[in-house]
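Participant: Quick one: this structure, given as structure tokens, is what I'll be asking you about.
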Amino acid sequence: MKKIAVFCGGTSSEREVSLRSGEAVYQALLATGYSAVKIDANTSIIERLLQERPDAAFIALHGKLGEDGTLQGLLDIMGIPYTGPGVLASAIGMNKLITKKLLSYEGIPTPPFISLNRKEVDTLGWTSVLNKIKQLYPLPLVVKAITQGSTIGVFFVHREEDIIAAVKDALSFDSEILVEKMIRGTEVTAAIMGDNPPVVLPLIEITSVTGIYDYQSKYTPGMSQHLIPPNLPETTQKLASEVCLRTYQSIGCRGYARVDCIIDTNGQPFVLEINTAPGLTATSLFPDAARHAGIEFPELVRQIVEMARTGY
């Protein structure tokens, strides 16, 4: 019997979601025969690890100080294997701006974007800022805090008079933000597992009652639908899977991650972001994709743990 420490909770804006993911993983580990302990990452982590001495760690944290490479670095120093990508891939994936710069370098399609930071806004003034944003016209646009998750700090702008408020709101979450051209189309996500070779699980098309896949839609039962397979031609699905897999590999992921993209009316996928510690709650996307591939949740958790324990 192997002891697995499940890290969850934490101090980010996604704490509540992380607690739910952690509880689901904890129960699955017990059901699969592991000895498991939950560690809330807002407590004294090092002391708990020294006390528990786990064989591996399951990172069910979302957001800063859990999904961004910081915990991964600590576990590397302590010699404890852990689930999901390593320090560098986690840090890149957590930062939407760095992710998009890397995608652009690799020639992977992503919506056109610009970046802004608080100092730049204060120095240039709103006239210059608006002129910079107009490079992305016509509207609509998406304004995003670059290190938040679960659609927190994301604002959809359909009217020019709403741009300044959206920028101010996004800057309240992060000192640097992203302004992105909104691509109209079908939102699709690809759950990817493994490394030798990585496998793309069945794609999921995401729809929501409100038309926007926001925090409420993600975590309220009945507010969104996961369509497997998507209502898209097989050739389009194949192209989307290939683009998402390239993203996973370019960022240097291992273990598991989820890539979100939007497919326009011409069938062209555009990568929006990558989640290196995707949600594992009852309404989460990754378990749905695995289930459709014949992998029930306890087995999914077991496979993720064993990849960590055996070095992928």
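The values are calculated or read from the model by the stated rules, or taken from the named source; none is laboratory data. The structure presented is a predicted model; accordingly, all values stated were derived computationally and were not measured. Areas reflect the complete protein model, heavy atoms only, side chains present, ligands, DNA and RNA absent. Shrake-Rupley method; radii C 1.70, N 1.55, O 1.52, S 1.80 Å.
Participant: With every protein chain left in place, what is the accessible area per residue of segment 220-307 in square angstrom, probe 1.4 Å? Write down the numbers at each step before the final one.
Facilitator: On the way: 3560 Å² over 88 residues.
Dividing the accessible area of segment 220-307 by its residue count gives 40 Å².
Participant: Kyte-Doolittle cut-off 0.5, length cut-off 30 Å along the helix's own axis using Cα: show which whole DSSP H helices in the chain pass.
Facilitator: Working: long enough: none.
In the chain, no H run is both long and hydrophobic enough.
Participant: Further, regarding this structure: Please give the solvent-accessible surface of Thr310 in Å², to the nearest 10, using a probe radius of 1.4 Å with every protein chain present.
Facilitator: 100
Participant: Cα-Cα over 27 Å: which of Lys64/Lys181; Lys38/Lys144; Lys2/Lys100; Lys100/Lys132?
Facilitator: Numbers: Lys64/Lys181 25 Å; Lys38/Lys144 32 Å; Lys2/Lys100 39 Å; Lys100/Lys132 18 Å.
Beyond 27 Å: Lys38/Lys144; Lys2/Lys100.
Participant: Further question: Determine the calculated [θ] at 222 nm for the chain from helices alone, applying -39500 (n - 2.57) to every DSSP H run no shorter than 4 residues and normalising by the residue count; nearest 500 deg cm²/dmol. Don't skip to the end; give the middle numbers.
Facilitator: Values: 12 runs with 122 residues, N = 312.
Per the formula, -11500 deg cm²/dmol.
Participant: Ordering Asp162, Asp174 by accessible area with a probe of 1.4 Å, largest first, what comes out? Could the numbers behind the result be given before it?
Facilitator: Numbers: Asp162 55, Asp174 15 Å².
So the residues, ranked largest to smallest area, are Asp162, Asp174.
Participant: OK, next. First compute the accessible area of segment 221-312 with a 1.4 Å probe, then give the percent of it belonging to carbon and sulfur atoms. Write down the numbers at each step before the final one.
Facilitator: Values: 1890 of 3800 Å².
Carbon and sulfur together cover 50 percent of it.
Participant: May I pose another question? Over segment 14-158, give the accessible area per residue in Å² for a 1.4 Å probe, as an integer.
Facilitator: Details: 6160 Å² over 145 residues.
With the other protein chains kept in place, segment 14-158 gives 42 Å² per residue.
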